[in-house]
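A.B. asks: Please read through the structure below; I'll follow up with questions.
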Amino acid sequence: MSDASTIVLPDDPSFGGEVQIDYPGYRSTRLRAPERPLVTLPEDRHSPDGPVFGEDTVLPQDFDLTSQHEGEPLGERIIVSGRVLDEDGKPIRGALVEVWQANSAGRYKHQVDQHPAPLDPNFSGAGRCLTDDDGNYRFISIKPGAYPWGNHENAWRPAHIHFSVFGRAFTQRLVTQMYFPGDPLFRYDPIFNSVRDPKARALLVSQFDLATTIPDWSLAFRWDIVLGRSGSGTTPIEEEA
Amino acid sequence: MSLLPRTPSQTVGPYYAIGLCRRPENELVPPGEAGAIRVVGRLLDGDGQPIGDGMIEVWQASDRRWGRSGTEADGQFSFLTVKPPASPGEAPRLDVYVFARGLLKHQLTRMYFPDEPEANAADPVLSALPALDRAALVAEQEDGVMRFDIRMQGDRQTVFFAV
């Protein structure tokens with residue numbers, strides 16, 4: 001393992017919830033992270049009142065990544081569930097949540113991934129669902145494996161599930177990664193640590209949740225997702241329940 | 001009341017296509033739609049090299065159209081759409097999000113239309129930018145398509161907006 005000090009910078013709470021986009025330990029940022037400061041826009045948030053962002057393509061069975069093939073995938077069966085909320089704590093209903101992940105051996109079903117771990121013929125690694133009226137989402141999957149990558153010598157990504165979320169407004173867009181609690185690879189991973197504030201980083205880690213396990217069948221992890229506000233001065237504010 | 005902390009962003013990574021490009025979603029209007037426009041462009045890194053594992057999303061708030069396109073090995077993305085109606089006092093535009101491996105948070109930019117010089121000159125956001133930045137946000141008419149290249153870094157870096 002490379003010296004972590006050159007790959008992972010010390011904690012810096014001044015970043016708050018923002019990721020450091022030019023994080024030097026993540027090599028691919030060097031030619032891709034914008035260098036100029038962002039330009040501020042006037043407040044202008046549009047909240048469409050119906051499906052826009054591909055929500056209409058979700059099938060009811062798309063939440064189950066373990067039933068897309070003839071047989072079941074290998075690995076620890078897991079249920080991943082949580083709520084999609086806005087900053088005010090209000091649930092976002094009808095949010096499109098899309099996930100993709102490696103199989104239990106740490107291999108993605110993608111032509112670019114040539115890491116010498118087996119593909120699983122019973123696992124494609126992608127799912128989607130819409131949140132219910134209380135903002136709940138739920139997936140059935142298998143726990144993804146850690147995998148090596150070329151960022152630095154002996155680099156390994158901690159196990160994670162990629163999440164893409166659309167709220168009610170384009171400004172609520174979020175793409176992120178959900179991690180599993182207690183992963184020993186956290187301290188070596190520049191992507192995880194590009195969120196410099198440890199409190200914010202902790203928001204990327206799911207919690208094991210006995211209450212949502214299914215006895216004799218599946219482990220379970222809970223992970224809530226908080227997006228920005230959807231409302232603007234031009235949309236009526238919903239009355240408090 | 002104190003706000004809940006927002007979930008931080010992480011990169012879309014190199015394998016987003018298995019989750020986000022399972023079906024073509026780059027046609028915001030059906031082929032043959034009256035007024036349909038092909039928008040193409042390349043996503044380029046700080047060395048001017050194509051980013052072949054990026055993803056572009058476009059959103060037209062005024063007519064509620066949305067689409068996305070992965071980038072090819074040559075950095076190319078492509079959309080079929082129509083020019084959205086302009087909001088009062090603004091020029092018609094596409095809101096454009098850029099995602100890529102190596103990009104820890106998606107970036108917002110805008111594409112304006114080359115055949116709208118008056119509206120573009122009056123647009124409050126576009127007209128407030130320096131001339132070079134302004135020019136970079138206006139697509140170029142090219143052989144029946146509109147070309148909109150996106151540069152992540154360098155002297156000609158595309159302007160990105162705070163979300």
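The values are calculated or read from the model by the stated rules, or taken from the named source; none is laboratory data. Computed from a prediction, not measured in an experiment: that's the story for all the values here. Don't worry about glycine lacking a Cβ; one is built from the backbone with ideal geometry, like all the others, and counts go over all protein chains shown.
A.B. asks: Condition first: more than 9 Å from every other protein chain (Cβ to nearest Cβ), in a strand (DSSP E or B) and of a type in the set (A, V, I, L, M, F, W, C). Now tell me which residues in segment B:99-127 satisfy that.
C.D. replies: Answer for segment B:99-127, where residues must be more than 9 Å from every other protein chain (Cβ to nearest Cβ), in a strand (DSSP E or B) and of a type in the set (A, V, I, L, M, F, W, C): just B:Met111.
A.B. asks: Identify, from the list A:Asn193, A:Asn136, A:Asn151, the residue that is modelled with pLDDT of 95 or more and out of contact with any helix residue (DSSP H, G or I) (no Cβ under 8 Å at 6 or more places or on another chain).
C.D. replies: Selected residue: A:Asn136, the only one of A:Asn193, A:Asn136, A:Asn151 that is modelled with pLDDT of 95 or more and out of contact with any helix residue (DSSP H, G or I) (no Cβ under 8 Å at 6 or more places or on another chain).
A.B. asks: When segment A:82-109 is examined, which residues are found to be touching a helix residue (DSSP H, G or I) at 6+ places or on another chain (Cβ under 9 Å) and surrounded by fewer than 20 Cβ atoms within 10 Å (Cβ to Cβ)?
C.D. replies: A:Gly94, A:Lys109
A.B. asks: Hey, A:Ala117 hits all of (1) of a type in the set (A, V, I, L, M); (2) under 22 Å from A:Ser81 (Cβ atoms); (3) free of Cβ contacts under 8 Å to residues at least 40 places away in the same chain but one; which does it fall short on?
C.D. replies: It is condition (2) that A:Ala117 fails.
A.B. asks: Give the residues of segment A:177-224 that are more than 15 Å from the chain's Cα centre (by Cα), among the basic types (Lys, Arg) and part of a helix (DSSP H, G or I), sorted by residue number.
C.D. replies: A:Arg187, A:Lys199
A.B. asks: From the list B:Ser9, B:Ser87, which residue is closer than 30 Å to A:Lys90 by Cβ, surrounded by fewer than 16 Cβ atoms within 10 Å (Cβ to Cβ) and in contact (Cβ under 8 Å) with a residue 24 or more places away in the chain?
C.D. replies: After applying the criteria, what remains is B:Ser87.
A.B. asks: Give me the pairs, please: first residue somewhere in segment B:13-33 and without any contact (Cβ under 8 Å) to a residue 12 or more places away in the chain, second residue anywhere and among the hydroxyl-bearing types (Ser, Thr, Tyr) and assigned to a helix (DSSP H, G or I), beta-carbon distance under 7 Å, and either six or more positions apart or on two chains.
C.D. replies: Sorted first by the residue in segment B:13-33, then by its partner, the pairs are B:Arg23/A:Thr57.
A.B. asks: Quick one: what pairs do we get from segment A:1-22, first residue closer than 12 Å to A:Asn193 by Cα and in a strand (DSSP E or B), second modelled with pLDDT of 95 or more and not small (Gly, Ala, Ser), C-beta under 6 Å, 6+ apart or different chains?
C.D. replies: A:Val19/A:Val195; A:Val19/B:Pro8; A:Val19/B:Leu104; A:Val19/B:Lys105
A.B. asks: Okay, next question. Which one of A:Tyr147, A:Tyr188, A:Tyr179 is of a type in the set (Phe, Trp, Tyr) and buried (at least 23 other Cβ atoms within 10 Å of the Cβ)?
C.D. replies: The conditions single out A:Tyr179.
A.B. asks: Hey, another quick one. For residues that are of a type in the set (D, E, K, R), more than 20 Å from B:Gly48 (Cβ to Cβ) and within 14 Å of another protein chain (Cβ to nearest Cβ), tally how many sit in segment B:128-157.
C.D. replies: Selection size over segment B:128-157: 1.
A.B. asks: Hey, among B:Leu20, B:Leu4, B:Leu44, which residue is within 11 Å of another protein chain (Cβ to nearest Cβ) and under 15 Å from the mean Cα position of the chain (by Cα)?
C.D. replies: Every option except B:Leu44 fails the conditions.
A.B. asks: Tell me, which residue of segment A:58-81 that is without any contact (Cβ under 8 Å) to a residue 24 or more places away in the chain and outside any loop (DSSP other than H, G, I, E, B) is surrounded by the fewest Cβ atoms within 10 Å (Cβ to Cβ)?
C.D. replies: Once the filter is applied, the top-ranked residue is A:Pro60.
A.B. asks: Report, by residue number, each residue of segment A:100-122 that is within 11 Å of chain B (Cβ to nearest Cβ) and among the hydrophobic types (A, V, I, L, M, F, W, C).
C.D. replies: Of everything in segment A:100-122, those that are within 11 Å of chain B (Cβ to nearest Cβ) and among the hydrophobic types (A, V, I, L, M, F, W, C) turn out to be A:Trp100, A:Ala102, A:Val112.
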